[in-house]
Amino acid sequence: MKRKHDWNTLENYLNVHERVLRRYSGNMLTVKTYSIRKITDYFRTLRAEDIHFRTFNGNQIRVDIRKNIEIDPSNKKRPRARTYDYTYSASIPNGEKLIRYCSPHEDAKPNAPDHHQFHHKHIFKGGKEKIQKIADDEWPHVDEFLNEVLEMF
């Protein structure tokens, strides 16, 4: 059974992300693309930061997407990729946080909050923060996150 966040070819992985941003470009106040940085043969970073959207409700929201990509280069012609860790966040342009999704933190200190041990969603409302655990393969794809932001706010 294929998992939601399983391996994909590196080329397709990157193309899907660009297609998603293009799909939402009509809501972007300034169109953005991903920046890709090669760390090693096995890791890349993928970032689309400081994207300003006009939501379906007419509000302006800032979105930041950061992903670290694990690369499996065993097939030289078609290396595979998958998300190793990520942070997706939405805020009001003045800095007030709305939501953030995060992967587990492998470098979490022994006394770190429990939510660092699993995928989680931070919900900020009325000056309070609520943390919601997310099952290992149920965290959202970028398009699901963007759609949530555009519909919710």
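The values are calculated or read from the model by the stated rules, or taken from the named source; none is laboratory data. All values reported here derive from a predicted model rather than from experimental measurement. Note that each Cβ is placed from the backbone with ideal geometry, even for glycine, and that neighbours are counted across all protein chains shown. Calculation scope for accessible area: heavy atoms of the full protein, side chains included, ligands and nucleic acids excluded. Shrake-Rupley method; radii C 1.70, N 1.55, O 1.52, S 1.80 Å.
Filtered by the rule that a residue be farther than 22 Å from residue 150 by Cβ, of a type outside the set (D, E, K, R) and open to solvent by less than 50 Å² (accessible area, probe 1.4 Å), the stretch 8-48 gives 9, 10, 13, 14, 45. The set of residues from the stretch 23-65 being closer than 27 Å to residue 79 by Cβ, of a type in the set (D, E, K, R) and either at pLDDT 95 or above or in a strand (DSSP E or B) (or both) comprises 23, 37, 38, 44, 47, 49, 64.
Of all residues in the stretch 76-101 being touching a Ser or Thr at 6+ places or on another chain (Cβ under 9 Å) and among the β-branched types (Val, Ile, Thr), which is surrounded by the most Cβ atoms within 10 Å (Cβ to Cβ)? So that I can check it myself, show each step before the final result.
As a first pass, look at the stretch 76-101 and keep what is touching a Ser or Thr at 6+ places or on another chain (Cβ under 9 Å): 78-81, 83-87, 97-101.
Checking the rest, the ones that are also among the β-branched types (Val, Ile, Thr) come to 83, 87, 99.
Details: 83: 17, 87: 14, 99: 22.
Only one residue fits best here, namely 99.
If only residues of the stretch 54-75 that are touching a residue at least 12 places away in the same chain (Cβ under 8 Å) and over 28 Å from residue 9 (Cβ atoms) are counted, the one that is surrounded by the most Cβ atoms within 10 Å (Cβ to Cβ) is 61. Note down all Cβ pairs under 9 Å where the first residue falls in the stretch 100-121 and is closer than 19 Å to residue 70 by Cβ, the second is aliphatic (A, V, I, L, M) and modelled with pLDDT of 70 or more, and they're at least six residues apart or on different chains. Within 9 Å, the pairs are 101/134; 118/134; 118/135; 119/134; 119/135.
Give me the residue from the stretch 103-143 that is part of a helix (DSSP H, G or I) and surrounded by 14 or more Cβ atoms within 10 Å (Cβ to Cβ) and, out of that set, modelled with the lowest pLDDT. Walk me through it before giving the result.
Of all residues in the stretch 103-143, those part of a helix (DSSP H, G or I) come to 114-117, 142-143.
Applying the additional criterion that residues be surrounded by 14 or more Cβ atoms within 10 Å (Cβ to Cβ) yields 115-116, 142-143.
On the way: 115: 63, 116: 71, 142: 97, 143: 96.
By that ranking, first place goes to 115.
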